Amino acid sequence: MCDVTSDAEITKLFEAVEGKIRCVGWIGHSVGVCTGGRIERVISVNTTREGFRIAHDVSVYSLIAVAGSGALDGQWRGIVTLTYYGAEKVVPKYKLDGRGEGGGWEATVRYLANDLGPKGIR
């Protein structure tokens, strides 16, 4: 288990893995959160600042933090994450997740690819 909102827990997770696995060539990232209770009840204009912050921290920043945990020392060869159609088109009831977990992820992936691609990380 790892709380991706804690840099210390991310570090602890990879330190634990490092002693058991010879090489981690790629990492998969599939993390999201719904802060408004049942997603059907989250209306776009009723999104709270705190809910928006939490959704982006958990869903988007965690990808950056996890990628950085192995990218700087050349551990990663590839990073895989997921997105959803709700980042491109409005999907009823998807609301905050479409903006944060979709659009934020996709932009983050493009910037990480630009930064890490020249280092041989896909």
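The stretch between Ala107 and Thr83 holds 7.6 nm of extra length on full extension. This uses 0.36 nm per residue minus the Cα-Cα distance.
Using a simple spin-label model with pseudo-atoms 7 Å out from Cα toward Cβ, Thr5 and Glu50 lie 1.0 nm apart.
Laboratory data are not the source of any read-out in this text; all were calculated from the coordinates shown. All values reported here derive from a predicted model rather than from experimental measurement. Positions of Cβ are generated from backbone atoms using ideal geometry, with glycine treated the same way; all protein chains shown enter the neighbour counts.
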